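Scroll down for the structure; my scribbles are underneath it.
The values are calculated or read from the model by the stated rules, or taken from the named source; none is laboratory data. Being a predicted model, the structure only gives us computed values, none of them experimental. We place every Cβ from the backbone using ideal geometry, glycine too, and count neighbours over all the protein chains shown. Note: accessible area is taken over every heavy atom of the protein model, side chains too, but ligands, DNA and RNA are not part of it. Shrake-Rupley method; radii C 1.70, N 1.55, O 1.52, S 1.80 Å.
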Amino acid sequence: MKKRGIGVGCMWYGIGNTGAPNPAGAFLDFLEDGTVLVLTGCADIGQGSSTALAQIAAGELGVNIEDILVVAGDTGVSPDAGATSASRQTYISGNAVLLAARQAKEVLLQEAAGVLGAAASELGLGGGYVWRGGERTPVTVKDILARCRQKGKLTLGSGWFNPLTTGLDEAGQGVPYATYSYATQVAEVEVDTETGKVSVLRLAAAHDVGRAVNPQAVEGQIEGGCLMGIGYALLEEVKVDRGRVGNPRYAEYILPMSLDAPEIHAIIVEDPEPTGPYGAKGVGEPALIPTAAAIANAVADALGVRFYDLPVTPEKILAALTAEGDHKSPDE
Amino acid sequence: MTGQADGKMPAVSSVIGRSCPRVDGADKVTGSALFAADRRMEGMLYARVLRSTVPHAVLRRIDAEAARAVPGVAAVYTAADIPGENRVGIIVKDEPVLVDDRIRRVGDPLALVVAGNEQALAAAMSEIEVFYEELPAVFSPEEAMAGGAPAIHGQGNIQSVTRIVRGDVDSALKEARAVISRRYTTQMVEHAYLEPEAGLAAVVDGLVTIWVSTQNPHYDRREVARVLGIGQNRVRVVQSPTGGGFGGKLDISVQCLLGLAAWKTGRPVRMVYSREESMAASPKRHPCVIDYTSACDGDGRLLAVKVKIVGDTGAYASYGPATLKRAAVHATGPYEVPNVFIESYCVYTNNPTAGAMRGFGVPQVAFAHESQMDLLAGALGLDPFTIRLRNCFRPGGVTATGQRLLHSVGIKETIDRARAKAEELGMLEGKR
Amino acid sequence: MKPFRFRATVNGRPVDLPVDPRRRLLDVLREDLGLTGTKEGCGEGECGACTVLLDGRPVNACLVLAPEAAGCDITTIEGVAVEGRLHPIQEAFLEAGAVQCGYCTPGMILAAKALLDKDPRPTDQAIKTAVSGNLCRCTGYVKIVKAVRLAAARLAREEGAV
């Protein structure tokens, strides 16, 4: 018989290292032809940080993303950005890039202020022009860059950001993170009581990321996290026997594959973080965190039997259903 | 534009919040992106490391004479060949680059073979003789924490403890309408990124230059410089396109071994893990045992939680202390709980090292606190959404560590939106 | 062992070189021909990262010995774009956000190409089945399926325009 169940999983996740300094730095060079070089220590491991950082620089400088080159993770040229971990790079390196961009921009704005007889604080850059109070002026960014160079001014910026945290005291009290991301996922499963197999049919995954710099990339993180969470809930386990990994091959360590992928509905919630770049927080790890919890709750809902030991394998389900048949000891 | 222009200038709104294609996408769809294993250099050598087959032993001697004599072998290095410090580690420097005294896990690196071709490498590996004396080993935190357990790093096996105490849990438990206590256990998990660990090192213009698959090139630089005993400015680490990490490429894998081989031989050296080596030797997600007690009043409002988390960090600390500390901080879930007593233990064993993996201890505690919420809801006849909405953080809420949350507290909106989507899709039909 | 003459067509060009017959097609492509777009993920045919097309059929290049591929028409990821123009499948992978770390991408694109070459209007289930031998740890497959669907629509339109 196939039984359907629904489960809810919520989570919170502090962005950056726990109660410890974890700064990131960035350098930026606004080149004289209007293109931009960003140097960052931030390692893009597939999550898309180089793209998000390019967008943040482009947003601040009012240039197209195509005009930004991000050189990332080369210790010969880029400042330390710390680890790509703890869902921290959009928030921390994002702020570092934003600050570096602001510093370079300030040089241009000061120069433009002289040309336009305006205060630098009234001015902005966008689409190749200098803007004043939201109105486009005839002065181009290239003109200003050329004037800066003629006067011997380089349009460089550097920035670094360290989230405001404190260590934890003896009683574990303190401010371990500057900001937190939040999420709720709802899982729908179908459990085959003959085979013990659990199929995840649908997932609704709502994530508060502060601001999605690149919504498609955020969705990608959520979808990938959900599938990894399915693996955690139902399939994956490193078997260790007397210290030795017993299944060090893909043939024996079973990952979710394309046919295991359910319908995943990624929902982006934006409750902006005032200290984040454009309000952004992080999403890399939150994507996975509530999935196994939601699935375990869905399985309990379907069967009336709860599992306290991950992964919830067919063997465990069949054993529990047999025991339940014997003793009739349902959930709570 | 931010600031005075209030984001009204056209170029800004068109780039933040826009799904721009990946800046490295074209290289990745055409196959031209050069991952570390795709690199080669003139005169390049190949390297592979011999690993221990026992979990706990005193290393007596390594005889590599026969291996060195294999035609095509350039060098075989052991701990004695390391010019600087032979200890690395993100939080605690407790892990040898090549074992010098004690083997603490199956898979500990013992000797590095460098050769002109893969065949010579394989032949030399089988010629190395390792002499050791096995020690009693421990394979669970419970055994490791017990009195008289063999000490894996010289003192007790408890690497670190985190305690979070707030309010008065015992009184709150007495006043509670419902109290639920359960034990949760979670398994060891592999990151299983598609690209196995890989790197290429060469001395270029006097700089030890390492192209490597990594999540933290600047950490790698610090460790390589210390291990070689040279200035950080003499080491250049270049992150190659990295085929996934998920926390598993934060630790040192090939970096220091490659640095040593290139530094000593003066030639480019490449090292690529096989899938089996990657899965057997890389750090894992911490298996945890979580004892969780929650208490609420008649409306389902949480009064107290008491949580004990024990995580098996294996032979080396890696990111373990941070993982267990984070697990403790997040143990309440996104809920306001006035009385908490949380403790977490990071424990050494002779199991594979557990380090960072996507979520850093929080997926483990989330399984526990979310199961507890459903159990409480069941005890009071409440809907799972209702009990969560009743307890979730709001702006102004205070966490277990006493932090007041002021801004960007979107948990309620995520519950509302996920529930609305589930309703729209008909997922809740016939359920509640 | 004595080398044999490995003769085949690789990405439309004839190839003729001496090869140890015990070598895998994967090594010939990556090491001898420098076509490193084909990735090694497991060496056991479990992950699909080394997928190439052999006479239009997707195979794991780690499981094929060089002599078995002799005389075949071999397509690797380097042969998918035509004269510097991205193939519609490659474009769709970029646009749909189907690429994250990129390590599974070459194999995934070739598996998709093999599917669309014989089934130009696949269902989502057919797409999932076609890439079921290709592991991806990053994307959850959602955007990969979407990309293949998008590519199918584009190719159908191009076909119609001819």
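For the reader, a short list of remarks on this structure follows.
- In the set (1) farther than 22 Å from A:Gln173 by Cβ; (2) in contact with a Phe, Trp or Tyr (Cβ under 9 Å, 6 or more places away or on another chain), B:Gly378 fails one condition alone, (2).
- All of B:Ser294, B:Ser274, B:Ser282, B:Ser318 fail the test of being under 19 Å from B:Val398 (Cβ atoms) and either in contact (Cβ under 8 Å) with a residue 60 or more places away in the chain or in contact with a strand residue (DSSP E or B) (Cβ under 7 Å, 6 or more places away or on another chain) (or both), apart from B:Ser294.
- Hits in region C:123-149 - residues which are over 18 Å from the mean Cα position of the chain (by Cα) and either hydrophobic (A, V, I, L, M, F, W, C) or closer than 22 Å to C:Arg57 by Cβ (or both): C:Thr123, C:Gln125, C:Cys138, C:Val142
- Residue, nearest to the other protein chains (Cβ to nearest Cβ), within region B:319-329, restricted to residues that are open to solvent by 10 Å² or more (accessible area, probe 1.4 Å) and not small (Gly, Ala, Ser): B:Lys325
- Within region B:385-403, the set of residues being within 9 Å of another protein chain (Cβ to nearest Cβ) and free of Cβ contacts under 8 Å to residues at least 12 places away in the same chain comprises B:Gln403 only.
- Top-ranked residue in region B:417-429 [being at the interface with chain A (Cβ under 8 Å from one of its Cβ atoms) and open to solvent by 10 Å² or more (accessible area, probe 1.4 Å); ranked as modelled with the lowest pLDDT]: B:Leu428
- Residue that is out of contact with any Phe, Trp or Tyr (no Cβ under 6 Å at 6 or more places or on another chain), facing chain A (nearest Cβ under 10 Å) and either more than 26 Å from A:Val238 (Cβ to Cβ) or charged (D, E, K, R) (or both), where the choices are B:Asp299, B:Asp312, B:Asp291: B:Asp312
- The set of residues in region C:64-95 that are more than 14 Å from chain B (Cβ to nearest Cβ) and either assigned to a loop (DSSP other than H, G, I, E, B) or charged (D, E, K, R) (or both) comprises C:Val64, C:Glu68, C:Ala70, C:Gly71, C:Cys72, C:Asp73.
- Scanning region B:20-45 for residues that are surrounded by fewer than 19 Cβ atoms within 10 Å (Cβ to Cβ), out of contact with any Leu (no Cβ under 9 Å at 6 or more places or on another chain) and free of Cβ contacts under 8 Å to residues at least 24 places away in the same chain returns a single hit, B:Ser32.
- Failed item in (1) open to solvent by 10 Å² or more (accessible area, probe 1.4 Å); (2) more than 25 Å from B:Leu405 (Cα to Cα); (3) more than 7 Å from every other protein chain (Cβ to nearest Cβ); (4) in contact (Cβ under 8 Å) with a residue 24 or more places away in the chain, with A:Leu255 passing the rest: (3)
- Matching option when the condition is free of Cβ contacts under 8 Å to residues at least 12 places away in the same chain and not small (Gly, Ala, Ser), among C:Arg85, C:Arg149: C:Arg85
- Which numbered condition A:Pro215 misses (of (1) within 19 Å of B:Arg22 (Cβ to Cβ); (2) crowded, with 24+ Cβ neighbours inside 10 Å): (2)
- Test: residue in region C:85-99 that is closer than 28 Å to B:Glu276 by Cβ and either touching a Leu at 6+ places or on another chain (Cβ under 7 Å) or crowded, with 21+ Cβ neighbours inside 10 Å (or both): yes
- Which listed residue, of A:Gly225, A:Gly210, A:Gly220, is facing chain B (nearest Cβ under 7 Å), under 14 Å from the mean Cα position of the chain (by Cα) and open to solvent by less than 10 Å² (accessible area, probe 1.4 Å): A:Gly210
- Number of positions in region A:111-164 that are under 20 Å from A:Ile56 (Cα atoms) and open to solvent by less than 20 Å² (accessible area, probe 1.4 Å): 10
- Complete set of residues in region C:21-47 that are more than 9 Å from chain B (Cβ to nearest Cβ) and either part of a strand (DSSP E or B) or open to solvent by less than 40 Å² (accessible area, probe 1.4 Å) (or both): C:Pro21, C:Arg24, C:Leu25, C:Leu26, C:Asp27, C:Val28, C:Leu29, C:Gly45
- Any chance A:Tyr253 is in a helix (DSSP H, G or I) and among the aromatic types (Phe, Trp, Tyr): no
- For region B:182-208, filtered to residues that are surrounded by 24 or more Cβ atoms within 10 Å (Cβ to Cβ) and of a type outside the set (A, V, I, L, M, F, W, C), the residue that is farthest from B:Val289 (Cα to Cα) is B:Gly199.
- So A:Thr291, is it among the β-branched types (Val, Ile, Thr), in a helix (DSSP H, G or I) and crowded, with 21+ Cβ neighbours inside 10 Å: yes
A quick yes/no check of all residues on (1) in contact with a Lys or Arg (Cβ under 6 Å, 6 or more places away or on another chain); (2) open to solvent by less than 40 Å² (accessible area, probe 1.4 Å); (3) of a type in the set (A, V, I, L, M, F, W, C); (4) within 7 Å of chain B (Cβ to nearest Cβ):
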site	(1), (2), (3), (4)
A:Glu236	no, yes, no, yes
A:Arg249	no, no, no, yes
A:Ile264	no, yes, yes, no
A:Lys281	no, yes, no, yes
A:Ala302	yes, yes, yes, no
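- Those residues of region B:330-343 which are open to solvent by less than 10 Å² (accessible area, probe 1.4 Å) and facing chain A (nearest Cβ under 10 Å), in sequence order: B:His330, B:Thr332, B:Gly333, B:Pro334, B:Tyr335, B:Val340, B:Ile342
- Within region B:362-384, considering residues that are within 7 Å of chain A (Cβ to nearest Cβ) and over 28 Å from the mean Cα position of the chain (by Cα), the one least open to solvent (accessible area, probe 1.4 Å): B:Leu375
- The lone exception for A:Ile65 - which of (1) buried (at least 24 other Cβ atoms within 10 Å of the Cβ); (2) facing chain B (nearest Cβ under 7 Å); (3) under 19 Å from C:Val99 (Cα atoms) it fails: (1)
- Filtered by the rule that a residue be small (Gly, Ala, Ser) and modelled with pLDDT of 95 or more, region C:44-85 gives C:Gly45, C:Gly48, C:Ala49, C:Gly56, C:Ala61, C:Ala66, C:Ala69, C:Ala70, C:Gly71, C:Gly79, C:Ala81.
- If you check B:Val165, B:Val212 for being of a type outside the set (S, T, N, Q) and within 9 Å of chain A (Cβ to nearest Cβ), only one passes: B:Val165.
- Selection count, region B:130-157, where residues are open to solvent by 50 Å² or more (accessible area, probe 1.4 Å) and either in contact with a helix residue (DSSP H, G or I) (Cβ under 6 Å, 6 or more places away or on another chain) or at positive phi (or both): 2
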